[in-house]
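Below is one structure, written out as structure tokens; comments come after it.
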Amino acid sequence: MNIAAHDIDHGQHQAQALRLRRKRRLQLAAGVAGLCAAVAAGGYWWLQGRFLESTDDAYVRADWVPISARINGYVAQVLVDDDQPVKAGQVLVRMDDRDYLAHRDQARAAVAEADAAALAGQASLAVAQDRVAEQQAAIAQAAAQAQGSRAEFQRASLDRQRYQGLVHDQAASAQRLESAESSFAQARATLDAAVARQHQQELALNVARGRETLAQAALQQQVARQAQARAQLALADHALEDTQIRAPFDGVVGQRKVRERQYLSPGLPLLAVVPVQQAYVVANFKETQLQHMRAGQPVELRVDTYGGQRLHGHVASFSPGSGAVFALLPSDNATGNFTKIVQRFPVRILLDAPQGQAPILPGMSVVATVDTRDER
């Protein structure tokens with residue numbers, strides 16, 4: 001009995017010693033593993049981790065625009081559905097264009113009328129200019145006739161004086177003097193008529209020039225009306241073109257509120273076009289993380305929607321102010337008690353060329369990690 005009990009106690013002591021040795025081995029292994037993990041973590045931090053700046057306050061954005069009408073009218077046809085991809089220039093909504101077609105035809109008729117009036121004005125101006133040229137020629141002719149009459153008057157005056165002397169010396173008959181007196185009187189009358197005719201032609205030239213000025217003014221007025229009519233036609237063409245509401249760029253339709261037979265007013269939101277292919281990320285980093293961050297640095301992006309799928313991008317730009325600066329009601333730290341709060345600055349991150357990943361939609365949450373190794 002004593003021998004059996006002694007053997008049992010000995011076996012228990014051996015088992016207990018074995019458990020102690022295993023426990024020590026496990027503790028040693030755990031310590032070695034912890035040390036290796038610490039060394040690995042420290043090495044990772046020293047070689048890579050200390051260069052990474054990360055934030056989960058990041059979201060996908062896109063510069064989408066609300067589409068609205070520029071003119072009044074009823075919707076004739078809605079050509080797109082919700083969530084439909086569209087191309088730049090594609091017609092989204094077509095409005096009733098009957099009134100605008102009539103306005104365009106009316107504007108075209110006004111342009112044709114203005115063109116005809118301008119042509120008539122040009123013709124009137126040409127006639128007035130020809131009349132001025134004609135009067136100038138008539139004045140030249142009257143001046144030549146007056147010059148000839150003046151020469152004849154001078155000759156008749158000399159003959160008269162000569163015959164007066166001859167008659168006084170009784171070298172010529174009184175009849176010859178009378179004939180010279182008659183020629184002198186006739187020459188003077190002819191000269192007076194020529195001078196009066198020249199003056200009359202000069203007055204007619206002034207009248208012709210006045211009519212030319214009136215024709216020029218009328219033509220300028222008609223040209224102005226022509227330009228006004230063409231401007232009205234351009235406005236009518238633009239209004240007719242605006243009856244077809246088109247997509248400004250490639251994207252996807254969202255928030256479609258427009259319906260057929262709906263009356264539209266300028267500025268009323270109809271739908272939105274979201275440029276999904278031009279999406280980018282806005283990451284709000286703390287101000288203490290921006291010291292070594294520069295534009296162009298690589299960024300690793302993990303999208304929450306796809307289970308942390310990793311994407312690649314690069315830093316594009318930094319906001320000129322923190323989010324508090326552009327808030328609707330910015331804080332004023334000069335009033336009341338002051339508590340210092342680390343500010344966040346929006347950083348714009350552009351995605352690199354996609355490599356067949358699932359679509360990145362605006363509003364998705366992202367974890368952004370910037371590698372600042374090149375700066376440091």
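Quick notes on this structure:
- Filter result (under 14 Å from Ala142 (Cβ atoms) and surrounded by 13 or more Cβ atoms within 10 Å (Cβ to Cβ)) within segment 201-230: Gln201, Glu202, Ala204, Leu205
- Whichever residue in segment 83-115 is basic (Lys, Arg) and touching a helix residue (DSSP H, G or I) at 6+ places or on another chain (Cβ under 7 Å) and, among such residues, is farthest from Pro248 (Cα to Cα): Arg108
- Failed item, numbered, when Leu301 is tested on (1) without any contact (Cβ under 8 Å) to a residue 40 or more places away in the chain; (2) under 22 Å from Leu361 (Cα atoms): (1)
- Yes/no for Leu328 being of a type in the set (A, V, I, L, M) and surrounded by 13 or more Cβ atoms within 10 Å (Cβ to Cβ): no
- When the criteria are applied in full, Asp57 fails the requirement of being touching a residue at least 12 places away in the same chain (Cβ under 8 Å), within 12 Å of Gln244 (Cα to Cα) and either surrounded by 15 or more Cβ atoms within 10 Å (Cβ to Cβ) or of a type in the set (Gly, Ala, Ser) (or both).
- The number of residues in segment 162-190 being at pLDDT 70 or above and more than 30 Å from Ala204 (Cβ to Cβ) comes to 3.
- The residues of segment 204-256 that are of a type in the set (S, T, N, Q), more than 18 Å from Ala102 (Cα to Cα) and outside any helix (DSSP H, G or I) amount to a single one, Gln255.
- Restricting attention to segment 303-352, the residues being in contact with a helix residue (DSSP H, G or I) (Cβ under 7 Å, 6 or more places away or on another chain) and aromatic (Phe, Trp, Tyr) number 1.
- From the options Ala151, Ala110, Ala102, residue that is in a helix (DSSP H, G or I) and either modelled with pLDDT under 80 or more than 42 Å from the chain's Cα centre (by Cα) (or both): Ala151
- Among residues of segment 94-112 that are of a type in the set (Ser, Thr, Tyr), those with a Cβ under 9 angstrom from a residue that is not in a helix (DSSP H, G or I), sequence gap 6+ or separate chain, pair up as Tyr100/Ile71; Tyr100/Gly73; Tyr100/Asp242; Tyr100/Thr243.
- So Gly323, is it outside the structural domain of Gly89 (by the TED database), at pLDDT 90 or above, in contact with a Pro (Cβ under 9 Å, 6 or more places away or on another chain) and not hydrophobic (A, V, I, L, M, F, W, C): no
- Qualifying positions in segment 113-140 - without any contact (Cβ under 8 Å) to a residue 60 or more places away in the chain and either of a type outside the set (A, V, I, L, M) or touching a strand residue (DSSP E or B) at 6+ places or on another chain (Cβ under 8 Å) (or both): Asp130
The values are calculated or read from the model by the stated rules, or taken from the named source; none is laboratory data. Model, not experiment: these values are computed from the prediction. With ideal geometry, Cβ positions are generated from the backbone for all residues, glycine too; neighbour counts draw on all protein chains shown.
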